[in-house]
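Below is one structure, written out as structure tokens, with a few remarks after it.
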Amino acid sequence: MSGSNGKIAICPGSYDPITYGHLDTIKRAARIFERVIVGVVNQPVRKQQTMFSADERKQFIESAIEDVENIHIEVFDTLLVEFARKHEASVLVKGLRAISDFEYEFEMNQLNRKLDPGIESMYLMASPEFSFLSSSGVKEMAAFGGDFTDLVPRRVAEGLKERYGR
Ligand code: PNS
């Protein structure tokens, strides 16, 4: 089932790489909104160089959601609100895990609201089974040889193992 309210939502992120937690948020958004655009930021300003290129990150997402027809994936290199306007999207959807996410998301919400008050931000609470899950945690597990294969899609697990030569 997909939403029938005619609204388009953006699920933005670095997705370096995508995890089952991100996928859960994206798929839940796709059940609420008519269309969901997954916006993969080319180079996040506040973070270090990404581990995977924007194309690799996009391909990982594509391989994980090929069964959902109202989800579209695109790399962007602009302000998020500009990306949303380009797609005529009126809502930004993000997942929220713990209190630690809240402060950062609160700030981003205010900045985006200042840039374009017509675009609303909405938050989906992480499903309990993913509330601990982050891309950086998975990368750390991969770096030190931990088993992370049930936390990310198969292609991502392969990419991480390749990257760490395991
Ligand atoms: O997964 P992340 O790293 O939390 O996602 C961050 C993202 C992509 C939402 C953020 O970096 C972003 O929106 N970048 C585009 C520039 C922008 O519009 N920044 C917010 C207002 S200044």
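Odds and ends about this structure:
- Placing unit charges on the Cβ atoms only, positive for Lys and Arg and negative for Asp and Glu, gives the stretch 1-142 a dipole magnitude near 280 debye about its Cα centre.
- Prolate/oblate/rounded call for the stretch 1-87, Cα gyration tensor, a/c under 1.5 rounded: oblate
- With Cα atoms as the point set, the radius of gyration and Dmax of the chain evaluate to 15.4, 47 Å.
- Greater than 31 Å apart at Cα, pairs in Lys7/Lys161; Lys7/Lys139; Lys27/Lys114: Lys7/Lys161; Lys7/Lys139
- Of the Cα atoms belonging to the stretch 102-154, the radius of gyration and Dmax stand at 15.8, 46 Å.
- Here the Karplus curve 6.51 cos²θ - 1.76 cosθ + 1.60, taken at θ = phi - 60°, turns the phi angles of the stretch 114-120 into couplings of 5, 5, 7, x, x, 9, 8 Hz, with x standing for Gly and Pro.
- Using bins of 10 Å that start at zero, the share of Cα-Cα pairs per bin across the stretch 50-107 amounts to 17, 36, 44, 3, in whole %.
- In the chain, helices alone account for a calculated mean residue ellipticity at 222 nm of -12500 deg cm²/dmol, with every DSSP H run of four or more residues adding -39,500 (n - 2.57).
- Per residue solvent-accessible surface (Å²) - the chain, probe of 1.4 Å: 56
- For the chain, the relative contact order comes to 27 percent (Cα pairs under 8 Å, sequence separation of at least 6).
- Carbon/sulfur fraction of accessible area - the chain, other protein chains in place, 1.4 Å, %: 52
- Mean-position separation - Cα centroids, the stretch 69-120 and the stretch 132-166, in angstrom: 26
- Computed accessible area, Lys94, all protein chains, 1.4 angstrom probe, square angstrom: 50
- Ordering Phe60, Val156, Val81 by Cα displacement along the dipole of the stretch 1-157 toward the positive end leaves Val81 in first place; charges were set at the Cβ atoms of Lys, Arg (+1) and Asp, Glu (-1).
- Computed from phi, the 3J(HN,Hα) profile of the stretch 21-27 under the Karplus parametrisation 6.51, -1.76, 1.60 (θ = phi - 60°) reads x, 4, 4, 4, 4, 4, 5 Hz, with x in place of Gly and Pro.
The values are calculated or read from the model by the stated rules, or taken from the named source; none is laboratory data. Predicted model only: the values in this text are computed from it and were never measured. A quick note on method: Cβ atoms are made from the backbone with ideal geometry, for glycine too, and the neighbour counts reach across all protein chains shown. Heavy atoms of the whole protein, side chains included, go into the accessibility calculation; ligands, DNA and RNA do not. Shrake-Rupley method; radii C 1.70, N 1.55, O 1.52, S 1.80 Å.
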